[in-house]
């Protein structure tokens, strides 16, 4: 099935105004959907939809306190929606919406929506580097970093879920929706990508007790490691708290920087993720610090050594 990946994640939040401010400070553009709902968009139109947790327009909440209400996935065209409807209608209720989209629950009770993707095609340069032995990507007098350089989320990259039954989650996404396992962290769970996306992963499942079920974090792709570091530094200086990072993952190779949020999940800037095709053979590694990151950095206030041993 030509599923592209997540278009939106929908949350029912306790602190609506604080969540709106957080998402705008993170670099997403606010678009009011209706009187009670807001969509915060990355540059390609993917993003996060929020409403107050008591808003009747939201899908039902999970039994846990997690604020995730729905995952919205984009597909290539209407024929893919027909394929999904035929497959899912075999054993569950599927609602066909007025816009052609589909809604149903997966085998663990997560609310899913599938629609023809709303992603806008981006035509933007990637981060350029200069390295000895290779042609220069930045020419003479072209600066690699400036104080006012843009550093905005480009697209919704992936979603990570706490799930109580890994086998059931994998059987559903792989067996029913055509996702492919790219790597596995033993003791945690698998990374998956859908048929219409060559990113290392758009989904990752982490095995947890049932009382923790929900979204652990979501991530947005940046234009490169420098954009990630600039965006994270600016976000930190606005008073937001780092959860993990900055650093670089081993599986997927993507740079990362995670932050706490009032949406009850972590938000991640990521950059430079691996690409895979169907010839890739999934790796496995025990879950732990060595498998989680190649290296980990720590943000600190700017400083400058002033000479002498004490400055080293």
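What follows is calculated from the coordinates using simple rules that are stated; it is not laboratory data. Please read all numbers here as calculations on a predicted model, not as lab measurements. Here Cβ is always computed from backbone atoms with ideal geometry, including for glycine, and neighbour counts include all displayed protein chains.
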So for the pair residue 21, residue 131, with labels modelled 7 Å out along Cα→Cβ, what separation do we get in nm? 4.2
By DSSP, what percent of the beta bridges with both residues in the stretch 3-120 are antiparallel, rounded to the nearest 5? 65
Mean separation of Cα pairs under 8 Å and 6+ residues apart, divided by the residue count of the stretch 3-120: what relative contact order is that in percent? 29
Taking only C-alpha pairs under 8 Å that are 6+ residues apart, what is the relative contact order of the chain in percent? 18
Which of 275, 57, 20 has the fewest Cβ neighbours within 10 Å, and the rest in rising order: 275, 57, 20
Relative to the longest principal axis of the chain, what angle (0 to 90°, nearest 10) does the C-alpha long axis of helix 225-237 take? 90
May I ask you to compute the full-extension gain from residue 54 to residue 76, defined as 0.36 nm times their residue separation minus their alpha-carbon distance, rounded to one decimal in nm? 4.6 nm
Once both label points are put 7 Å beyond Cα along the C-beta direction, the residue 299-residue 149 separation in nm becomes 1.7
I need 220, 256, 172 ordered by Cβ neighbour count within 10 Å, fewest first. 172, 256, 220
Please report how far the C-alpha centroid of the stretch 14-56 lies from that of the stretch 179-203, rounded to the nearest whole angstrom. 27
Could you grab the relative contact order for the stretch 55-169? Cα pairs under 8 Å, six or more apart, rounded to a whole percent. 22
If you fit an axis through the alpha-carbon atoms of helix 16-26 and take the longest principal axis of the Cα set of the chain, what angle between them do you get, 0 to 90°, nearest 10? 50
Least to most buried among 22, 240, 258, by other C-beta atoms within 10 Å and fewest first, runs 240, 258, 22
Looking at the chain only, what percent of DSSP beta bridges run antiparallel? Nearest 5 please. 65
Using only Cα atoms, what is the ratio of the radius of gyration of the stretch 3-120 to 2.2 N^0.38 Å? 1.08
